[in-house]
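Engineer: Sharing a structure below in structure tokens format, with a few things to ask.
The values are calculated or read from the model by the stated rules, or taken from the named source; none is laboratory data. Quantities reported herein were computed from a predicted structural model and do not represent experimental measurements. A quick note on method: Cβ atoms are made from the backbone with ideal geometry, for glycine too, and the neighbour counts reach across all protein chains shown. Keep in mind that these areas ignore ligands, DNA and RNA; they rest on the heavy atoms of the full protein, side chains included. Shrake-Rupley method; radii C 1.70, N 1.55, O 1.52, S 1.80 Å.
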Amino acid sequence: MTEETPGFEEKPDVPSGATPDDAESAAAPSGAAPAGDESAAAQAQLAGLTAQLDQVRTALGERTADLQRLQAEYQNYRRRVERDRIAVKEVAIANLLTELLPVLDNINRARDHGELVGGFKSVAESLESVAAKMGLQQFGKEGEPFDPMIHEALMHSYAPDVTETTCVAILQPGYRFGERTIRPARVAVAEPQPGAQPVKSEDTAADAADDKESGGPDEG
């Protein structure tokens, strides 16, 4: 057996002519990695983490865009449902008011004949008030120009004192609900007499009188 001398450690064999650095390299453990390899590994790990972070950010942006699109679609859906609900409500009210028009016509006829008295008068006025609160509006007046969009001519005549087709009598008033015309006003119309001269205004008549007094308009 070989006996080890106390106090002495075995040193690695160093070739003759080697420098002290070579001796330190020989003394270093064989499994240790150089400092340059550690730096490259750290950079590679950092690059991998950066790539993962970019992927997460891209996915987050896509999910955010999806959420915003869904929110916009939901808002559009809510507005469309609300618009349809209002339209259905308006149609229902318009249909109800249309059914009440004959009753309102009877009330107007009774009023014209002086028969709207007593309890019948109170009930009639309450019904008219409720219809007005629901948005029913009456239109049609004598003397207004005839408009085929809101008037229905039931009678026709000629008159010398009109300059255009005019409503000379309201046979049945028209009714509208909001922008919707429930029933056009039924009227009697009058047109100017064929071949009649247009009525001169006061200013035109005054100018003609001045020209006559001065001997006519000045000649160029």
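Engineer: With the requirement that a residue be open to solvent by less than 80 Å² (accessible area, probe 1.4 Å) and closer than 23 Å to Ile182 by Cβ, what does segment 74-83 give you?
Structural biologist: none
Residue by residue, here is whether (1) among the aliphatic types (A, V, I, L, M); (2) within 30 Å of Gln172 (Cβ to Cβ) holds:
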{"position": "Ala41", "(1), (2)": "yes, no"}
{"position": "Gly48", "(1), (2)": "no, no"}
{"position": "Ala51", "(1), (2)": "yes, no"}
{"position": "Gln55", "(1), (2)": "no, no"}
{"position": "Thr58", "(1), (2)": "no, no"}
{"position": "Gln68", "(1), (2)": "no, no"}
{"position": "Ala72", "(1), (2)": "yes, no"}
{"position": "Asp84", "(1), (2)": "no, no"}
{"position": "Leu96", "(1), (2)": "yes, yes"}
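Engineer: Among the listed residues Gln52, Gln71, Gln43, identify the single one that is at pLDDT 90 or above, open to solvent by 100 Å² or more (accessible area, probe 1.4 Å) and in a helix (DSSP H, G or I).
Structural biologist: Just one listed residue meets the conditions, Gln71.
Engineer: A further question follows. Please list, ordered by first then second residue, the pairs with beta carbon atoms under 8 Å, 6 or more apart or interchain, first in segment 142-169 and at positive phi, second surrounded by 12 or more Cβ atoms within 10 Å (Cβ to Cβ).
Structural biologist: Gly143/Thr166; Gly143/Cys167; Gly143/Val168
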